[in-house]
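Scroll down for the structure; my scribbles are underneath it.
Any read-out appearing in this document is the output of simple, stated calculations on the displayed coordinates, not a laboratory observation. Being a predicted model, the structure only gives us computed values, none of them experimental. Counting neighbours? That spans all protein chains shown, and the Cβs are built from the backbone with ideal geometry, glycine included.
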Amino acid sequence: MGGILSCFGGEKDRDDFVVVRVDLENVKPSPEEEAVYRTLSQEVRRIISLDRMKTYISSKSAIQKAISEPSRENDLAAWRALQPNAQILKGYFECSQSLERILEPLLKTLGTGDVSAKFLSYPGHVALLARVLAFANEFDSIKVAKPDIQNDFSFYRRLLSQGKGEQRSNLKDAMSEDELANHTSMFYASPNPMTRACIEAITTITAKVGSSVRECLAIFANSAIAVAANGRAVELCLRSSTCAIVIFDYVDPQGAFRSDSPVDIKSTVKGIETCSPSEGVTSQLVGSLRFGTKHLNDPTTPKTIRALFE
């Protein structure tokens with residue numbers, strides 16, 4: 001626990017938070033997890049790249065022209081401009097549908113038995129969990145910063161539903177594309193779609209595995225913030241810890257902010273404010289906890305915790 005205090009230079013009100021010393025920088029899977037780790041790490045690498053989101057360029061000009069100067073030619077131009085963007089957005093939606101398949105074996109292993117001991121015995125699983133949660137948090141931060149994403153996809157759906165795009169080959173393909181577009185649109189309607197997908201996946205996993213999954217999330221959040229406090233893998237740890245807390249606040253009936261919470265909220269907020277690589281990351285992560293959680297404003301939340309977000 002000393003490391004987490006050294007970054008903040010203050011005393012903690014409680015000293016019973018569970019923190020496990022984990023290494024999220026130099027991951028060395030243990031022999032008992034190596035085969036599963038190898039398979040899951042390939043799956044994780046497949047979904048966590050954010051390059052396409054970071055370089056996303058809106059089709060706003062083509063859309064505006066199609067609206068202001070309606071014609072078949074302008075509709076087709078907008079449709080063609082939107083095609084690559086629609087494929088990017090549908091691709092990330094499909095990634096969100098893979099989260100439960102990836103998270104279940106991780107949480108089933110880490111969240112059964114002695115959770116602290118499992119963190120030490122399965123360091124590769126802990127590292128993969130960190131990557132998935134950090135990906136979800138950063139994806140949502142990019143999505144919020146690109147409001148044209150929803151406008152682009154809404155207009156794509158409009159052209160699709162009105163048959164103003166290029167003709168599809170058969171009715172089955174048309175119906176399949178319409179259904180995918182509808183689900184994708186609902187996904188991006190959420191302010192934090194990838195975190196929301198994690199919440200839904202982990203709610204299902206908790207029902208299967210049990211309440212120890214919540215313990216796993218709490219220990220992970222505390223342990224990751226401790227790693228960040230020691231200056232290692234800082235952004236990965238801050239993002240994954242924040243995402244773990246948001247998820248915990250939804251899957252735990254009493255939430256993350258109550259006085260007897262197993263999650264160290266004070267150290268997390270201080271860690272974000274002290275260790276974040278930029279003011280933008282600080283603002284985004286504190287905003288995730290303030291606006292993306294369920295129980296912060298409950299009557300059971302201590303005033304000292306609420307004050308951290310004012």
Worksheet item: Are any of the residues in segment 265-274 under 25 Å from ASP114 (Cβ atoms), touching a Cys at 6+ places or on another chain (Cβ under 7 Å) and not charged (D, E, K, R)?
Response: no
Fill in: Of all residues in segment 44-81 being of a type in the set (Val, Ile, Thr) and buried (at least 17 other Cβ atoms within 10 Å of the Cβ), the one that is farthest from the chain's Cα centre (by Cα)
ILE63
Worksheet item: How many residues are over 20 Å from ARG232 (Cα atoms), without any contact (Cβ under 8 Å) to a residue 24 or more places away in the chain and of a type outside the set (Gly, Ala, Ser) if we restrict to segment 259-285?
Response: 1
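Table: residues versus (1) within 24 Å of GLU25 (Cβ to Cβ); (2) out of contact with any Leu (no Cβ under 7 Å at 6 or more places or on another chain).
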site	(1), (2)
ILE47	yes, yes
SER58	no, yes
ILE67	no, yes
SER71	no, yes
ALA86	no, yes
SER98	no, yes
SER116	yes, yes
LEU129	yes, no
Item to complete: Could you check LYS303 against (1) touching a Lys or Arg at 6+ places or on another chain (Cβ under 7 Å); (2) farther than 28 Å from ALA127 by Cβ; (3) not aromatic (Phe, Trp, Tyr) and say which number it fails?
Response: (1)
Discussion item. List the helices (runs of 4 or more DSSP H) inside segment 59-147, counting only whole elements, that have at least 2 residues being among the hydroxyl-bearing types (Ser, Thr, Tyr), within 30 Å of GLY163 (Cα to Cα) and out of contact with any Lys or Arg (no Cβ under 6 Å at 6 or more places or on another chain).
Written reply: 60-68, 72-96
